[in-house]
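Working notes, beginning with the structure itself.
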Ligand SMILES: [Zn+2]
């Protein structure tokens with residue numbers, strides 16, 4: 001029944017689909033993107049052509065639950081989660097649940113024969129509430145998250161900890177809002193500090209970075225980018241180079257501290273160049289007010305990520321994992337929320353914005 005409905009809608013608009021000759025691959029340098037589903041790398045690839053990322057629909061159907069498609073006379077019926085797309089490669093409008101929608105990124109196919117591989121822009125997935133797509137700063141990883149179970153956030157037992165859903169990254173950079181590179185310290189073989197309870201700094205850093213990314217994306221006041229979206233190692237100098245090449249406006253590195261004495265606790269904010277002092281002071285002030293932790297000051301030190309970056313750059317040491325009480329606090333979702341909110345407030349103040 002639903003199918004017939006979609007067909008009818010499609011038929012009405014098919015008249016305006018016109019003769020499709022523009023289904024060829026868009027121009028631009030093509031690079032492979034690794035595909036991750038719920039943080040796990042799968043044995044399939046998406047591609048980026050220029051600024052836009054595409055995924056073949058057969059790959060989408062293989063790696064993501066709730067995806068199916070059919071092709072009829074070059075009209076593609078693609079269902080992703082609760083959303084039905086009807087489209088023809090090369091057309092700048094598509095039907096979403098039967099409703100006509102102009103799209104900036106256009107689907108294409110690899111050839112004109114029946115076995116052609118059909119690519120859809122990942123930006124279309126913005127219309128699917130159950131699916132979130134994220135491309136990290138290395139332009140290497142596409143993360144596709146399956147629907148999250150909306151539990152009451154209790155009794156998760158042995159399941160993996162809940163992760164916030166990173167929202168969709170717009171395909172084209174926005175004009176206007178400033179870009180922020182969020183740098184989760186350490187990763188991969190580099191655990192950073194190990195906490196008194198055996199938890200790793202790299203995981204704390206990534207958790208904060210992802211939540212910060214999510215909040216800034218939803219607010220839409222600034223345009224965030226993630227240095228790493230997974231547990232991977234990137235050398236400090238490489239991080240600075242990536243931020244420089246991306247020409248972001250602000251660089252924020254997320255860390256947690258450790259000291260030989262279990263008594264040491266508190267907040268430290270680092271910068272190196274003079275152009276970063278104001279950013280460091282504003283973020284430090286917001287964090288200190290929000291966390292109420294010991295104030296260990298704004299400090300100048302030659303960390304590579306604050307020294308080699310060419311934009312205002314700070315490194316936040318958000319607390320000591322070697323201090324039992326602070327460690328416990330830092331891993332609490334409420335504390336992490338406060339940290340994220342404080343950083344966001346600080347960024348808006350720094351940027352002269354009031355936020356949403
Ligand atoms: Zn660190």
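Structure values in brief
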{"item": "Only one of 310, 302 that is under 24 Å from the mean Cα position of the chain (by Cα), in the same structural domain as residue 198 (by TED's automatic domain parsing), part of a loop (DSSP other than H, G, I, E, B) and closer than 23 Å to residue 251 by Cβ", "result": "310"}
{"item": "Residue in segment 50-67 that is farthest from residue 28 (Cα to Cα), counting only those that are modelled with pLDDT of 85 or more and assigned to a strand (DSSP E or B)", "result": "67"}
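Listed here are the residues, each with its yes/no results for (1) on the phi < 0 side of the Ramachandran plot; (2) in the same structural domain as residue 236 (by TED's automatic domain parsing); (3) touching a helix residue (DSSP H, G or I) at 6+ places or on another chain (Cβ under 7 Å); (4) touching a residue at least 60 places away in the same chain (Cβ under 8 Å).
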| residue | (1), (2), (3), (4) |
| --- | --- |
| 275 | yes, yes, no, no |
| 278 | yes, yes, yes, yes |
| 289 | yes, yes, no, no |
| 325 | yes, yes, no, yes |
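The values are calculated or read from the model by the stated rules, or taken from the named source; none is laboratory data. On a predicted model such as this, the values are computed, not experimentally measured, just so you know. As a convention, Cβ positions derive from the backbone with ideal geometry for all residues, glycine included, and neighbour counts pool all protein chains shown.
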